[in-house]
Amino acid sequence: MLAALVAAAAAAAAQAQAHKNWTDAPSGPRVTTPPASIAQLVKQAMPAVVGIVAVAARGESQDPFHDFLERMYGGGDGGEREQPVRGIGTGFFVRSDGLIATNGHVVEGATEITVQIGEDERPVRGTLLGRDDATDLAFIKIDGGPFPILSFGDSDGLEVGEWVTAIGNPFGLSRSVTTGIVSFKGRRDVNPSGRPGYYDFIQTDAAINPGNSGGPLLDARGAVVAINAAVNPAGQGIGFAIPINMLKAIAPQLEKGRVARSWMGMSVQEQMGADLAESFAVPGGKGVVITDVIEGGPAAQAGLRPGDVVVSFEGEPIAESYRLRWLTANAAPGRSVPMGVWRNRTLRTITVPLTEKPGDPSEDQPARPVIARKESEPFGLSVDEQPGVRGLRISAVDPRGSGYRGGLRDGDVVIDVDGRAVGDRASFRRALTESAAVTRLYVRRNGRPLFFALRKDSRAAKVGKR
């Protein structure tokens with residue numbers, strides 16, 4: 001009976017600590033300069049950092065960065081690929097009962113996980129609790145404890161130029177320490193794994209090498225502000241780490257083995273430039289443009305439609321498409337969320353019931369037959385009518401015209417101009433003639449919807465092209 005009470009008390013304490021870890025950051029003012037003693041900071045943090053050795057099934061590699069280095073620099077023959085693969089990575093304790101955070105790619109495909117603990121690198125069998133491909137994060141659990149843990153910092157408050165240190169096992173050289181600064185925040189144009197996901201890397205010049213993956217990136221107080229993830233092997237001083245706030249957001253689900261993401265069923269444009277914002281008359285010029293709505297999906301059921309501009313999500317102002325996607329994904333299926341939407345020069349609140357995200361639909365659509373009937377139109381565009389098919393296909397773009405400078409290309413299909421559907425050249429020309437100083441075109445490119453804004457004074461601004 002006593003043993004049961006002790007176990008229950010320990011479990012309750014672990015859960016309370018988990019809640020504190022997922023939600024809290026160290027108190028007190030931020031310290032952005034190097035600590036008085038780097039050695040002391042490392043001495044305090046090192047016991048909570050572990051090595052991870054993962055053995056993958058025959059013929060599989062759990063580390064895409066290892067594969068990338070091999071392609072870049074060579075190494076090994078085909079026969080090596082037939083042997084079980086041993087991957088080396090890093091992790092750190094986030095809870096004293098043996099819960100360890102690391103990168104998802106470190107343990108991908110692993111049939112056996114060994115965690116190396118302490119200065120003597122004592123091997124302990126680890127169990128994979130959960131792995132999330134979309135964020136490249138994972139939780140491992142080992143028995144025993146209590147273990148020393150690292151506290152979580154606040155990656156949102158991190159500043160460019162701030163001092164950081166990385167701990168890990170680069171190239172199997174265990175318990176290595178490097179220091180540097182934050183070089184950039186919000187690096188979303190990097191995708192080391194080549195997979196779709198939520199990428200918002202912190203870039204640092206602290207040395208991060210293969211084997212560092214999954215290790216902590218610490219601020220001057222010794223709090224984890226990011227998880228080391230990847231390095232650019234073609235350059236020096238270019239490493240990438242996953243913000244710790246991403247782990248905080250998914251940790252309660254990840255610990256249970258699976259991250260269920262919510263979904264609205266709509267596509268949005270990556271950027272909304274000044275001209276496009278002017279064409280929508282969006283106050284402040286900030287927001288995210290909806291380009292497509294899936295029939296029967298939550299967004300369609302709520303009444304959202306292409307051309308709506310989302311300006312807030314549950315009261316938080318929205319200026320970036322990435323932020324809208326991330327908030328939507330983590331809001332939780334089954335909830336209904338209010339969004340501020342700008343439509344027809346009016347701000348309205350639309351509540352969207354979220355559902356669990358299904359498999360991503362392909363954006364590729366089969367090519368449609370086109371009957372060529374070319375004639376030069378305004379903005380240096382030539383369009384073709386498509387009998388029985390919605391929209392006009394752009395068959396030629398004069399590189400000297402504002403259409404080309406605005407980002408339009410051969411093969412784009414113009415669906416409407418300033419919200420007016422165009423099905424033939426006459427309606428297209430009439431819509432352009434009657435448009436304002438900035439003309440907004442709703443276009444499909446290889447099945448993907450986009451908005452473009454063109455100025456009649458021949459000064460064009462491309463919006464939304466990736």
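The values are calculated or read from the model by the stated rules, or taken from the named source; none is laboratory data. This one's a predicted model, so the numbers in the text were calculated from it and none came from an experiment. All Cβ positions, even for glycine, are placed from backbone atoms using ideal geometry, and neighbour counts span all protein chains on display. Note: areas computed on protein heavy atoms with side chains; ligands, DNA, RNA excluded. Shrake-Rupley method; radii C 1.70, N 1.55, O 1.52, S 1.80 Å.
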### Query
Can you name the residue in region 309-347 that is closer than 19 Å to Glu278 by Cβ and touching a residue at least 40 places away in the same chain (Cβ under 8 Å) and, of all such residues, is farthest from the chain's Cα centre (by Cα)?
Arg345
### Query
Just checking, how many residues over region 392-430 are open to solvent by less than 10 Å² (accessible area, probe 1.4 Å), within 16 Å of Gln269 (Cβ to Cβ) and in contact (Cβ under 8 Å) with a residue 40 or more places away in the chain?
3
#### Entry: Criterion violated by Leu304 - all others in (1) over 22 Å from Asp418 (Cα atoms); (2) assigned to a loop (DSSP other than H, G, I, E, B); (3) hydrophobic (A, V, I, L, M, F, W, C) satisfied
(1)
### Query
Restricted to region 260-273, and to residues that are of a type outside the set (A, V, I, L, M) and either in contact with a Lys or Arg (Cβ under 7 Å, 6 or more places away or on another chain) or within 30 Å of Arg405 (Cα to Cα) (or both), which residue is surrounded by the fewest Cβ atoms within 10 Å (Cβ to Cβ)?
Gln271
### Summary
When region 125-144 is checked residue by residue, the ones that are open to solvent by less than 50 Å² (accessible area, probe 1.4 Å) and more than 26 Å from the chain's Cα centre (by Cα) are Gly126, Ile142
### Query
Residues Ala110, Ala56: which one is in contact with a strand residue (DSSP E or B) (Cβ under 6 Å, 6 or more places away or on another chain), at pLDDT below 90, open to solvent by 10 Å² or more (accessible area, probe 1.4 Å) and closer than 29 Å to Pro196 by Cβ?
Ala110
### Positions within region 146-195 being acidic (Asp, Glu) and modelled with pLDDT of 90 or more, in sequence order
Asp154, Asp156, Glu159, Glu162
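Per-residue answers, yes or no, for (1) surrounded by fewer than 20 Cβ atoms within 10 Å (Cβ to Cβ); (2) acidic (Asp, Glu); (3) touching a His at 6+ places or on another chain (Cβ under 9 Å); (4) part of a strand (DSSP E or B):
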| residue | (1), (2), (3), (4) |
| --- | --- |
| Asp189 | yes, yes, no, no |
| Gly197 | yes, no, no, no |
| Gly211 | no, no, no, no |
| Arg221 | yes, no, no, no |
| Phe240 | no, no, no, yes |
| Ala251 | no, no, no, no |
| Arg258 | yes, no, no, no |
| Asp275 | no, yes, no, no |
| Val289 | no, no, no, yes |
### Task
Determine whether Leu247 is at pLDDT 95 or above and not in a helix (DSSP H, G or I).
no
### Which numbered condition Ser279 fails, given (1) small (Gly, Ala, Ser); (2) open to solvent by less than 20 Å² (accessible area, probe 1.4 Å); (3) more than 22 Å from the chain's Cα centre (by Cα)
(2)
